[in-house]
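Asks: Got a structure for you, written out below as structure tokens; questions coming shortly.
Only the coordinates and a few stated rules stand behind these numbers; no lab work does. Not measured: the values here are computed from a predicted model. Methodologically, a virtual Cβ is constructed for each residue, glycine included, from the backbone with ideal geometry; neighbour enumeration extends over all protein chains shown.
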Amino acid sequence: MVVAPVKSALRLSGLNDAAARLGLKAGMALADARAMYPTLTVADADEEADQRTLEAIADWCDRYTPLVGLDAPDGLKLDVSGCAHLFGGEATLCRDLVRRLGRQGFQARAAIADTFGVAWATARYGAADAASVVPPGATREVLLPLPVAALRIEPETVAGMAQSGLKHIADLIERPRAPLAARFGQELVRRLDQALGREDEPIVPRLPLPSALVERRFADPIALESDVLGSIENLARSLAGVLERRGEGARLLQVALFRTDGKVHRLEIGTGAPLRDPARTRRLFADRLAVLGDECDPGFGFDMVRLSALVTERCDPAQTVFDAPEQNTELAHLIDRLGARFGLRRVQRLAPQNTHIPEFAVAALPAHAAAHAGASLAFSPRYSALSRAGTARSLPPFGGGLGRGAAKKNEREIAHGPVQDSLAPARPIRLFARPEQIEAIAEVPDGPPVRFRWRQVLHEVAQVEGPERIAMQWWRDEEGRALTRDYFRVKSRAGARVWLYREGLFGREVERPRWFLHGLFG
């Protein structure tokens, strides 16, 4: 027996067949039970373990219908509408469910009816059969002889109704509702209407309902990875036909592998673009299985495989060309494969943002989301996103590189946009999370640095290019500061290539500007 504390007293919450034959009942105080039978063996209730077991059984019941809900602490709700014919009818489905659970060591009772209230009442208070089917339209006749406790009401309400002589549903089903609600509560009337089908009682599924699904059952379980992948490819081919008729493609696919011992393995893969290709679907799940390894143990084999499209999206036919490879399609497939191995959110790409602030000019987004949104896949090696957007002005460089052609170069910049002196990137590929403050010395207040100290090391400047002036966004500055930045690309005599800036214009914004190092080249 299992006992649980109820109102500061230990009471029986679970009984086996032997305890039931002794006349013990759930809810009885443990002291009373031991007074009758002193040698009783009891165990403490473990609600968390019971919940995990119930969820595992719910996973297994997904083989009968994808719409499975929990009815804690010891029940499940299944909507088998349109599914019973796959198992030979409702009676066959009900018997198969109880028989399979019995093989796993569970004692279960099941009932199928027009409403969940009647199915719940029949399974717990109906005939002695473990599997019962209430004929359509027989709801009222089945409910009449059952006790009022079959309406799923509180024990205190049941006791109060018994004192009034209302012991069976037949005693109250014809009575006026208003007096019943006033004396015993509105919950009694609501449960009665739900059982009779006068009020809807939807089942809340514990798993999302797929947009489309296909499945295959095996007379002999399969255990080889090649057989599993072959089944997935065949199912993907059938699913592709369904999605093609709808004009859709899958963005999130799930494979459910049902083991013969009741355990269910669920594998999910996401895609950067709508997918209907069976071969690519197989390849993605092969990559996923390679990552899971022994975690997806087949045991004694899988007797059922289900492929579901959890998320779908519009997928219109695309015009193809003969003289150019489908680079975007291949890149999307590569992203999907990397996402299947490492997780879609771990595969990222840099997308330019509509701002000229360096630390916010590029954002790391999930690669599949960025590709679907049409983000740029590459950056020009000659110009930064800042220069392309035209939000800042590149001034002539200081030091090496400035000669007689500087004036003509400036004229070209004004006419055709900024021109770099080298093929090196205008900005580092990666910036520091926070700019690091440095000590720097310049020949003139607004000029480039001639030496700087970073992390206790003094660097002599050999070459410098800049400045690139950026005015900050004053409306986003919480402290009310709007200091201008002058960025320089600097190469030290020791070979270090850094990107640093001076914060604030000398004499106009601050008395003494500060210097920061924002990133490293190469």
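Asks: Just to confirm the number: angle between the C-alpha axis of helix 116-125 and the first principal axis of the chain, 0 to 90 degrees, nearest 10?
Replies: 50
Asks: Hey, could you grab the Kirkwood Rh for region 2-45? Inverse mean 1/r over distinct alpha carbon pairs, Å, one decimal. Intermediate values should be presented prior to the final figure.
Replies: Details: mean 1/r = 0.0973 Å⁻¹.
Computed over Cα pairs of region 2-45, the Kirkwood hydrodynamic radius comes out at 10.3 Å.
Asks: Among the lysines in the chain, how many pairs, 8 or more places apart or on different chains, have alpha carbons under 30 Å apart?
Replies: Final tally of qualifying lysine pairs is 9.
Asks: Give me Rg/Rg_expected for the chain, where Rg uses Cα atoms only and Rg_expected = 2.2 N^0.38 Å with N residues. Kindly include the intermediate steps, with their values, before the conclusion.
Replies: Values: Rg = 35.8 Å, N = 522, 2.2 N^0.38 = 23.7 Å.
That ratio works out to 1.51.
Asks: Moving to a separate point now. Between residue 246 and residue 159, what length comes free when the chain is fully extended (0.36 nm per residue of separation minus the Cα-Cα distance, one decimal in nm)? Present the calculation step by step, with values, prior to reporting the outcome.
Replies: Working: separation 87, 0.36 × 87 = 31.32 nm, distance 5.56 nm.
Taking 0.36 nm per residue and subtracting the Cα distance, the gain is 25.8 nm.
Asks: Moving on to the next point. To the nearest whole percent, what portion of all C-alpha pairs in region 115-188 is separated by more than 20 angstrom?
Replies: Numbers: 800 of 2701 pairs.
The proportion of pairs with Cα distances above 20 Å equals 30 percent.
Asks: Please arrange 285, 432 by counting, for each residue, the other beta carbons lying within 10 Å of its beta carbon, fewest first.
Replies: Least to most surrounded, the residues fall as 432, 285.
Asks: In region 191-303, if the dipole is taken from +1 on Lys/Arg beta carbons and -1 on Asp/Glu beta carbons about the Cα centre, which of 231, 262, 275 is farthest to the positive end?
Replies: Result: 275, furthest along the dipole toward the positive end.
Asks: Same structure again: What percentage of all Cα-Cα pairs in region 192-281 are separated by more than 19 Å?
Replies: Working: 2083 of 4005 pairs.
Here the tail beyond 19 Å accounts for 52 percent of pairs.
Asks: Next question. Once you have all Cα-Cα distances for region 224-270, histogram them in 10 Å bins from zero and send the whole-percent values.
Replies: 22, 50, 24, 4
Asks: How large is the convex hull of the C-alpha atoms of region 251-362 per residue, in Å³?
Replies: Numbers: hull volume 17.6 nm³, N = 112.
Dividing the Cα hull volume of region 251-362 by its residue count gives 157 Å³.
Asks: Given that compact globular proteins tend to follow 2.2 N^0.38 Å, what is the ratio of the alpha-carbon Rg of region 68-196 to that value?
Replies: Working: Rg = 15.8 Å, N = 129, 2.2 N^0.38 = 13.9 Å.
Taking N as the residue count of region 68-196, the ratio is 1.13.
Asks: Search the structure for amide H atoms under 5 Å from the amide H of residue 312, placed 1.01 Å from N in the peptide plane, and list their residues when 5 or more places away or on another chain.
Replies: 251
Asks: What ³J(HN,Hα) values, in whole Hz, does the Karplus curve 6.51 cos²θ - 1.76 cosθ + 1.60 give for region 91-103 when θ = phi - 60°, with x put for Gly and Pro?
Replies: 3J(HN,Hα) across region 91-103, in whole Hz: 5, 5, 4, 5, 5, 5, 4, 5, 5, 5, 5, x, 5.
Asks: With just the Cα atoms defining each centre, how far is region 46-75 from region 90-137? Give it in Å.
Replies: 15
Asks: Return one number: the angle in degrees, 0 to 90 and rounded to the nearest 10, between the long axis of the Cα atoms of helix 47-61 and the longest principal axis of the Cα atoms of the chain.
Replies: The angle comes out near 90 degrees.
Asks: Using Cα atoms only, what is the angle between the long axis of helix 225-246 and the major principal axis of the chain, expressed in degrees (0 to 90) to the nearest 10?
Replies: 80
Asks: Still on this structure, I have one more. Taking a temperature of 20 °C and a viscosity of 1.002 mPa s, what whole-number D in µm²/s does Stokes-Einstein yield for region 237-307 with Rh from Kirkwood over alpha carbon pairs? Spell out each step's value before the answer.
Replies: Numbers: Rh = 13.1 Å.
The diffusion coefficient I find is 163 µm²/s.
Asks: Expressed as a fraction of 2.2 N^0.38 Å, the rule-of-thumb size for a compact globular protein of N residues, what is the C-alpha radius of gyration of region 75-121? It would help to have the intermediate numbers written out before the result.
Replies: Numbers: Rg = 10.8 Å, N = 47, 2.2 N^0.38 = 9.5 Å.
Here the Cα radius of gyration is 1.14 times the empirical estimate.
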